[in-house]
Amino acid sequence: MKLPLTQVTWLIYSGLLLVLLWGAPAEAFDVRAEVDKNPVIADESFTLTITANDDLPRNAFRSDALTRHFIVGATSVDRSTQLINGQMSRQTRWQLTLIARNPGQYEIPSFTIEGRRTSPIVVDVVAPGDSESQRGPVFVTAEVDNQTPYVQQQVRYTVRLHIAQTLESGSISPPEVEHADIQQASNDEDRQDIIDGQRYRVITRTYFITPRRSGPLSIQGSRFDGQIRDNTSRSFATFSRPQTVSALAADIDIDVQAQPQNYQGHWLPSEQVTLNEEWDDSQRLIVGEPISRRITLTAQGVRDEQLPDIEIMLPEGMRYYPERTERDSFSRQGQRFAQAQFRGVIIPARAGTFQLPAIDVQWWDVERQQQRSATIPAREIEVHEPAGGLASPFAQAELGEANNPPPSAMAPMIVAPSEPGYWRTATLIFGCLWLVTLAAALWLWATKHRKARPIAVSEPDGQVPKSSRQPLQALKHACAGSDAQAAHQALQRWLQSRPGAYQSARQLADTLHSQALHDALDGLEHALYAANKEPWRGGPQLWQAIQRLHQQPAKATTDAKLPSLYLN
């Protein structure tokens, strides 16, 4: 039987395909290991490549055996499939970045993958050369500014990354230190440098290390991990394959000194400590008016949490309301500084001359090896009475009686002449004058006696005077609305509107023995000046205390009764 031409052609092609498939020898499974350079430089990376001619999972290779002599960095896995001349090939490749820390000979062991083993590799590790030009395209150096610091004294650790090729990406990890705190400076320095004719990009980073205990301390060097691109051939630099690299700075050992046994006070090791005070010398200090005070403590080479708290001591008759302490750290000309600001408000309760005690902070001078102190000297201040303040009821009563003696003491002395006729006329005239004088004295005495009350009432019905009504009304509204600032201002205006010389609301409360007013004033001042300000809820208590003062009855002849509140 003769087959059609199309069927013959199909059979021929099928036979050829079977011959090609069956005749192609299958590539035997194999694995191999190789390094990109040998010998290598200590603390600089090299690449280990493991290749298998099959498609394998990522975990078919394990690198645990390498950690004995090397630092294992980034690991990448590539898979590829190719069909060439009818032959299909698959490949899996592992690339590992390794770093050897110390010079010597180290063996990369044999690895078993899917039943096949790689050959071991002996790597020669050499020490870095004295000249930086003998180093590889990427290397890291580090140094410290002090090999023998005191405990809790900052050590400046400077790491420099040198790159001779194009940097694609990368990061610098901080050094590793046990029993120490590490803080990175804010900005890196990036510059170009020529070393033995080779151009390097040099990136400098600074860390501040604060040891927490004394004794030997090892600083494990910072590490760089990144990708670079070979720019040896300038025209094709941008098209070359990125290379994963790592580099490690050498370890540095330091010896931390303990705190001297004879040191007294809060331990603060530093090269320089300053204590400053901000005070407005031009401000006239008035009773009851707040005075702002700020004290700044600055120390070099310590962390801000190491700065001690400052206790503010004030003489009797002054109240102090501290605000929240502000702590900060900053760098200046390569040095690290810590700063704490202590703010507060002083409120004098009475007039007079006061002396604010000196403030002293002890610290250890690490350069002179001796204890020193930063001091704000004592300050003498003068507190004045407010203009138009209120006078004490007892003082006004005593002043009134001193200026207005009883009528009998004001009677004139009469000397009779020798002539009888003249005596009768003179007696009549002087008698009339005596009666007029007596009546005037009685009227003046009564008037002064009425003015001995703390709030002078000009109206005959005993109501609050017009000058005090508006401030009292404002105080009432501020208390009802829980507005601490408005209540404070209205209270001051009310005190100033009253004739007399009360120096403050505190003196008013002391004179009239009003504990309720004292408590209300404590709450008001806390809401105004305390560091942790909270909404003021003491308005009703303050207003009730003021009302009680106006409604309290007279207790004794030396006590004067305040008029009641009748606000329209």
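The values are calculated or read from the model by the stated rules, or taken from the named source; none is laboratory data. Worth saying up front: this structure is predicted, and the values here are computed from it rather than measured. For neighbour counting, all protein chains shown are included, and Cβ atoms are generated from backbone atoms with ideal geometry for every residue, glycine included. Surface accessibility is based on the protein's heavy atoms, side chains included, excluding ligands, DNA and RNA. Shrake-Rupley method; radii C 1.70, N 1.55, O 1.52, S 1.80 Å.
Below are the figures for this structure:
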{"quantity": "Residues that are open to solvent by less than 40 Å² (accessible area, probe 1.4 Å) and polar (S, T, N, Q), drawn from the stretch 151-164", "calculated": "Gln153, Gln154, Thr158"}
{"quantity": "In the stretch 488-526, the residues that are modelled with pLDDT of 80 or more, open to solvent by less than 20 Å² (accessible area, probe 1.4 Å) and more than 14 Å from Glu289 (Cα to Cα)", "calculated": "Leu517, Ala520"}
{"quantity": "Residue list for the stretch 43-78, filter: under 48 Å from the mean Cα position of the chain (by Cα), crowded, with 17+ Cβ neighbours inside 10 Å and touching a residue at least 40 places away in the same chain (Cβ under 8 Å)", "calculated": "Asp43, Glu44, Ser45, Phe46, Thr47, Leu48, Leu66, Gly73"}
{"quantity": "Meets criteria (in contact with an Asp or Glu (Cβ under 8 Å, 6 or more places away or on another chain), of a type outside the set (S, T, N, Q) and part of a strand (DSSP E or B)) for Ile347", "calculated": "yes"}
{"quantity": "Residue within the stretch 301-308 that is over 16 Å from the mean Cα position of the chain (by Cα), in contact (Cβ under 8 Å) with a residue 24 or more places away in the chain and buried (at least 16 other Cβ atoms within 10 Å of the Cβ) present", "calculated": "yes"}
{"quantity": "Output for the stretch 106-150, where each listed residue is at pLDDT 90 or above, of a type in the set (Ser, Thr, Tyr) and open to solvent by 70 Å² or more (accessible area, probe 1.4 Å)", "calculated": "Thr148"}
{"quantity": "Complete set of residues in the stretch 33-42 that are open to solvent by 60 Å² or more (accessible area, probe 1.4 Å) and under 12 Å from Ile108 (Cβ atoms)", "calculated": "Glu34, Asn38"}
{"quantity": "Residue list for the stretch 63-80, restricted to those being assigned to a helix (DSSP H, G or I) and of a type outside the set (A, V, I, L, M, F, W, C)", "calculated": "Asp64, Thr67, Arg68"}
{"quantity": "Qualifying residue in the stretch 233-243 (condition: of a type in the set (Ser, Thr, Tyr) and either touching a helix residue (DSSP H, G or I) at 6+ places or on another chain (Cβ under 6 Å) or closer than 30 Å to Gly301 by Cβ (or both))", "calculated": "no"}
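So that you can scan it fast, the table gives a plain yes or no per residue for (1) under 30 Å from Phe139 (Cβ atoms); (2) at pLDDT 95 or above:
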{"residue": "Ala247", "(1), (2)": "yes, no"}
{"residue": "Val256", "(1), (2)": "yes, yes"}
{"residue": "Ser270", "(1), (2)": "no, yes"}
{"residue": "Val273", "(1), (2)": "no, yes"}
{"residue": "Asp281", "(1), (2)": "no, no"}
{"residue": "Leu285", "(1), (2)": "no, no"}
